[in-house]
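Trainee: Before we start, here is the structure in question, set down as structure tokens.
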Amino acid sequence: MLEACCTVFLFLFCYQDASAEVHREGHYVAAVYEHRPRLSPNPATLTDRRSALELMSRNLYIYEEQVIAAAKQGAQIIVFPEDGIHGFNFTRESIYPYLEFVPCPQSVKWNPCREPDLFSDTEVLQRLSCMALRSKMFLVANIGAKQPCEYKDPLCPPDGRYQFNTDVVFNANGTLVARYRKQNLYFEYAFNIPPEVDHVLFDTPFAGKFGMFTCFDMLFYEPAVSLVKEYNVKQVVYPTAWMNQLPLLSAVEFQRAFATAFNINVLAANIHHPALGMTGSGIYTPLKSFIYHDMESHDGKLIVAEISVMTPEHESDLESNAKPGKSIEYPHNNFASLHIDDQVCNKKEQEAHCWVAEKDKEGAPLIFYREMMYDNFTLVPVRGTKGELQVCANTLCCYLSYQRPTISDELYALGVFDGLHTVHGTYYVQVCALVKCGGLSYSTCGQEVTDATALIDFQLGGNFSTSYIFPLLLMSGINVDFTDHLGWKNNYYFMSKSGPSSGLVTAALYGRWYERDSCRFDQKSS
């Protein structure tokens with residue numbers, strides 16, 4: 001079977017790249033592929049290496065086809081998604097036949113395509129290396145890796161091996177140049193967290209150095225933020241298997257926000273599995289987005305785009321996205337008229353600290369409480385064609401100034417959450433969110449919504465305690481948009497948008513207070 005696979009593989013790559021384009025100076029052509037994986041029907045069932053290779057080969061054939069297609073469009077780097085080759089939902093034991101040995105590229109210079117016999121259990125690495133070599137492009141893919149460990153190692157698992165969710169990078173010659181082991185696992189019981197955080201960079205002749213991390217890593221300081229801030233990374237490759245969660249954490253929404261927040265390029269490749277809510281890939285720069293999100297199609301999607309090389313010099317040229325601490329002047333200052341004495345606060349603090357808003361003419365409360373993203377948000381309805389609102393929880397107060405030409409038959413609400421998120425991960429967030437509700441009753445606010453018609457001009461801001469704030473702007477049909485202004489003003493962080501081209505689904509400032517991620521027990525005891 002393997003010999004036959006190799007014969008077909010060589011046939012696939014018997015071509016000359018007729019698209020040897022001259023790339024513009026200061027630009028490069030990137031590709032990401034949203035892959036619909038061929039999955040094991042019973043991933044928890046034990047199998048052998050040959051059967052595992054047969055399944056992975058089905059996915060690798062598709063990778064080979066997409067590499068050829070990307071090369072014909074002049075791509076210099078291609079990124080494939082997390083879990084795209086072997087799949088997911090394995091146990092520690094059942095994934096073992098799918099695992100490969102991945103040496104440390106800093107210790108061993110190795111070209112698997114040209115030196116296939118140097119290490120055993122590396123058939124997948126060989127295929128990936130040959131793809132990069134034949135296409136003359138950098139290739140980023142995700143595999144499962146195994147690494148023996150000694151019993152005297154206090155972290156060594158009882159079975160004597162580590163198992164890592166691993167990204168690998170091959171250069172245009174097919175040489176393995178980088179290996180990253182995922183730090184923040186998302187219910188991945190088959191894998192181990194690496195003993196030390198990997199901070200992985202690789203250098204390219206067309207765009208300088210890239211950093212990389214995987215999926216859930218994007219929500220944490222290590223290694224995602226530290227790579228960008230401490231290592232001054234301006235381009236990131238990002239394999240992911242992200243399940244969309246509206247209204248605040250759809251894939252393209254947060255990928256766009258990460259690129260915007262740090263003024264970087266992000267090459268994000270997601271799994272395509274609509275039945276599990278998985279879709280959403282893109283190539284993002286601070287000023288452009290090339291995205292794919294499709295819950296109806298059963299096919300994968302190749303995205304190829306020419307983008308500018310991001311360098312530190314670009315930061316001074318960008319009008320949006322001030323760094324934390326930098327002030328931005330807004331066209332008008334409606335927020336100055338909002339009085340803190342009129343605030344509404346978290347329910348449990350009303351008696352001690354807060355003035356409670358009166359009921360409106362219909363007797364409905366101006367504030368209400370709903371679960372959104374598994375967190376208990378405090379919300380106020382957005383009514384009329386224009387207005388100013390504020391709502392607070394704990395130390396965070398959110399402010400909204402809005403205007404719309406007509407009132408659509410849609411309910412919107414301004415919500416706030418300031419606390420520890422504890423479902424499907426534990427991390428501290430501060431959120432100001434303007435969201436479209438699922439219906440016309442308050443009980444529908446926080447539901448997943450994908451379409452909207454209301455054209456709303458707004459300024460949204462809050463007195464955040466963290467400088468790490470991700471601006472989310474999601475429009476009808478799960479399309480991303482850019483803010484007009486974004487940055488700090490008088491210790492408040494604001495974003496604004498005027499003249500939207502489509503209906504607003506979500507506008508939010510998603511703050512991550514990384515230092516408080518470990519405050520779970522303090523909160524429980526308070």
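Trainee: In sequence order, what are the phi-derived ³J(HN,Hα) couplings for region 504-510 according to the Karplus relation 6.51 cos²θ - 1.76 cosθ + 1.60 with θ = phi - 60°, rounded to whole Hz, with x for glycine and proline?
Mentor: These are the phi-based 3J(HN,Hα) values: 8, 9, 8, 10, 8, 10, 9 Hz.
Trainee: Right, something else. Rounded to the nearest 5, what % of DSSP beta bridges with both residues in region 151-288 are antiparallel?
Mentor: Bridges in region 151-288 are about 65 percent antiparallel.
Trainee: Show the residues, 5+ positions off or on another chain, whose built amide H is closer than 5 Å to the amide H of His421.
Mentor: Amide H to amide H, under 5 Å and 5 or more residues apart or across chains, His421 pairs with Tyr427, Tyr428, Val429.
Trainee: Which cross-chain or sequence-distant (5 or more) residues have an amide H under 5 Å from the amide H of Gln245, H modelled 1.01 Å from N in plane?
Mentor: Ser250, Ala251
Trainee: If the only charges are +1 at each Lys and Arg Cβ and -1 at each Asp and Glu Cβ, what is the size of the charge dipole of region 209-301 around the Cα centre, to the nearest 20 debye?
Mentor: Using only the charged Cβ atoms, the result is roughly 360 debye.
Trainee: Counting only other residues whose beta carbon sits under 13 Å from that of Arg256, what net charge do I get with K and R as +1, D and E as -1?
Mentor: -1
Trainee: Now, a different point. So how do 192-201, 243-252 stack up, highest first, on mean other-Cβ count within 10 Å?
Mentor: For the peptides 192-201, 243-252, the packing ranking is 243-252, 192-201.
Trainee: Under the Karplus relation 6.51 cos²θ - 1.76 cosθ + 1.60, θ = phi - 60°, what is the ordered set of whole-Hz ³J(HN,Hα) values for region 493-501, x standing for Gly and Pro?
Mentor: Karplus-based 3J(HN,Hα) across region 493-501 equals 9, 10, 9, 9, 8, 10, x, x, 8 Hz.
Trainee: Related question: When ranked by the protection proxy of mean other Cβ atoms within 10 Å per residue, highest first, what sequence do the peptides 495-504, 138-147 form?
Mentor: The peptides rank, most packed first, as 138-147, 495-504.
Trainee: Over region 72-134, with a single point scatterer placed on each C-alpha, what log10 of the ratio I(q)/I(0) does the Debye formula yield at q = 0.16, 0.29 1/Å?
Mentor: Each listed q corresponds, in turn, to -0.68, -1.28.
Trainee: Suppose we look only past 13 Å in the calculated P(r) of region 464-512. What percent of the Cα-Cα pairs does that tail hold?
Mentor: In whole percent, the long-distance tail amounts to 56.
Trainee: What does the charge add up to near Thr506, with Lys and Arg as +1, Asp and Glu as -1, over the other residues with Cβ less than 11 Å from its Cβ?
Mentor: -2
Trainee: Starting from the Cα gyration tensor of region 40-177, take the square roots of the eigenvalues, sort them a ≥ b ≥ c, and report rounded, prolate or oblate (rounded when a/c is under 1.5, otherwise prolate if a/b is larger than b/c, else oblate).
Mentor: The shape class here is oblate.
Trainee: Further, regarding this structure: So what's the net charge close to Leu201: Lys and Arg +1, Asp and Glu -1, counting the other residues with Cβ under 13 Å from its Cβ?
Mentor: -1
Trainee: Whose amide H sits under 5 Å from the amide H of Asp484, counting only residues 5 or more places off or on another chain, with H placed in the peptide plane?
Mentor: Ser496, Lys497, Ser498
Trainee: While we're on this one: Please tell me which of these pairs span more than 20 angstrom C-alpha to C-alpha: Lys136/Lys209; Lys182/Lys288; Lys301/Lys497; Lys136/Lys234; Lys386/Lys436; Lys288/Lys489?
Mentor: From Lys136/Lys209; Lys182/Lys288; Lys301/Lys497; Lys136/Lys234; Lys386/Lys436; Lys288/Lys489, over 20 Å: Lys182/Lys288; Lys301/Lys497; Lys136/Lys234; Lys288/Lys489.
Trainee: Also: Please list 3J(HN,Hα) in residue order for region 193-200, calculated via the Karplus relation 6.51 cos²θ - 1.76 cosθ + 1.60 where θ = phi - 60°; whole Hz, with x for glycine and proline.
Mentor: Along region 193-200, the couplings run 7, x, x, 10, 5, 7, 10, 10 Hz.
Bear in mind that the values in this text are calculations on the coordinates, not laboratory data. In this text, all values refer to a predicted model and were calculated from it rather than measured experimentally. We place every Cβ from the backbone using ideal geometry, glycine too, and count neighbours over all the protein chains shown.
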